[in-house]
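Encoded as structure tokens, the structure appears first; notes follow it.
The values are calculated or read from the model by the stated rules, or taken from the named source; none is laboratory data. Values in this document were obtained by computation on a predicted structure and should not be read as measured data. Here the Cβ is made from the backbone with ideal geometry for all residues, glycine too, and neighbour counts use every protein chain on show. Surface accessibility is based on the protein's heavy atoms, side chains included, excluding ligands, DNA and RNA. Shrake-Rupley method; radii C 1.70, N 1.55, O 1.52, S 1.80 Å.
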Amino acid sequence: MPARLLLLWLLSPLCVAAPLRLVVQEFAPYSFMGSDNQPTGAMVDMVKEACSYWPEGCQITLRPNLRARKELDLGEVDGMFPLAWSDARAKTLSYSVPLCKASWGIFAHVDEIDAPLTLARLGHARIGVTRGSFSETLLRQLDDTLHQQGIPPMQLELNVNDDDANLLKIERQGRYNLYFSNLDVALYRLNLSGASKIRLWQKSHEANYYIAFNRQRMSEAQLAAFNQILTRLEAQGNLLRHRVHWGLSSPLPDHRLHTLFPPGSQRPHAN
């Protein structure tokens, strides 16, 4: 039986009557608004291919990050991506199979990077991060580690918007001299801007990115059927093709948040 007909047969008792409503944020290279005013990016391309096999298709809309998360939490949309897995989120959200690996770390002006980064050097450091982001969560965990070791806390400078200008403030060495970010996002922005005095100082975390679905809108049977599509595309090499095109890494084999800095401070799950 052709794959599409098999999927239709699997979904027939579920009464699927409308496209899946999915939201993304401006988060290049994973998702962003293209020149045709339509969402595009690495994960958008992967999800669009999966949606081409979904009986009713998908509607992917770009929203500001906090609005997208609110729509997901309130059940106004079926799902959002990219999101990392966490114990807290898993209480209300269901997850697709992983689509790629993401990494986070600390960026600095080249004049700051005169030696390997240590926890002691982060004491009292002014470091920028996007408010309400997963990056802020990870940075606060790192700040907790400083506190546990008797090191003065960092001074977190919270940016309302996640955009190029906030990262590029490091070059001016004004409001803050360090920046914490998703590596792929920061490196993509630095490449576009041509900034030459900002470097990755220390990679700190790794975890997978997924599509997160609202459990009240996406049944277990629907999720299993959608994951079946993604698993088949992964086996065929289609998702790898998209990752290679956008320069992303393949998923880690587990849900864990892998803490790389400081060594030995592994946490069981993301938050």
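May I ask you to evaluate 6.51 cos²θ - 1.76 cosθ + 1.60, the Karplus curve with θ = phi - 60°, for each residue of the range 213-218 and list the ³J(HN,Hα) values in order in whole Hz, giving x for glycine and proline?
These are the phi-based 3J(HN,Hα) values: 10, 6, 5, 6, 10, 10 Hz.
Mind putting a number on the dipole of the chain about its Cα centre? Charges go on the C-beta only, +1 for Lys and Arg and -1 for Asp and Glu, and I need it in Debye to the nearest 20.
Here the size comes out at about 120 debye.
Rounded to the nearest 500, what is the 222 nm mean residue ellipticity of the chain from helices alone, with -39500 (n - 2.57) per DSSP H run of 4+ residues and division by all residues?
About -10000 deg cm²/dmol.
Highest GNM mean-square fluctuation, the chain, Cα pairs closer than 10 Å: which of R215, R175, R21?
Checking each option, the largest mean-square fluctuation is seen for R175.
Quick one: with all protein chains in place, what share of the accessible area of the range 103-205 is carbon or sulfur, to the nearest percent (1.4 Å probe)?
Reported share for carbon and sulfur atoms: 47 percent.
Need one number: % antiparallel among DSSP beta bridges in the range 103-205, to the nearest 5.
60 percent
Find the all-direction average of the projected area of the Cα convex hull for the range 46-167, expressing the result in square nanometres with one decimal place.
10.0 nm²
For the range 198-259, go through all pairs of different Cα atoms, get the mean of 1/r, take its inverse, and jot down that Kirkwood value in Å.
14.2 Å
Calculate, for the chain, the solvent-accessible area per residue in square angstrom, rolling a 1.4 angstrom probe over the heavy atoms of the protein chains.
Here the residues of the chain average 46 Å² of exposed surface.
Please compute the Kirkwood hydrodynamic radius over the range 130-208, one decimal place, Å, based on all pairs of different Cα atoms.
13.6 Å
Can you quote the Å³ per residue value for the convex hull of the Cα atoms in the chain, rounded to an integer?
131 Å³
Which number do you get for Rg(Cα) / (2.2 N^0.38 Å) in the range 153-199?
Compactness ratio reported: 1.10.
Whole-Hz ³J(HN,Hα) for each residue in the range 105-114, computed from phi via Karplus 6.51 cos²θ - 1.76 cosθ + 1.60 with θ = phi - 60°, x for glycine and proline: what do you get?
Here the 3J(HN,Hα) series is x, 10, 9, 8, 5, 4, 5, 7, 8, 9 Hz.
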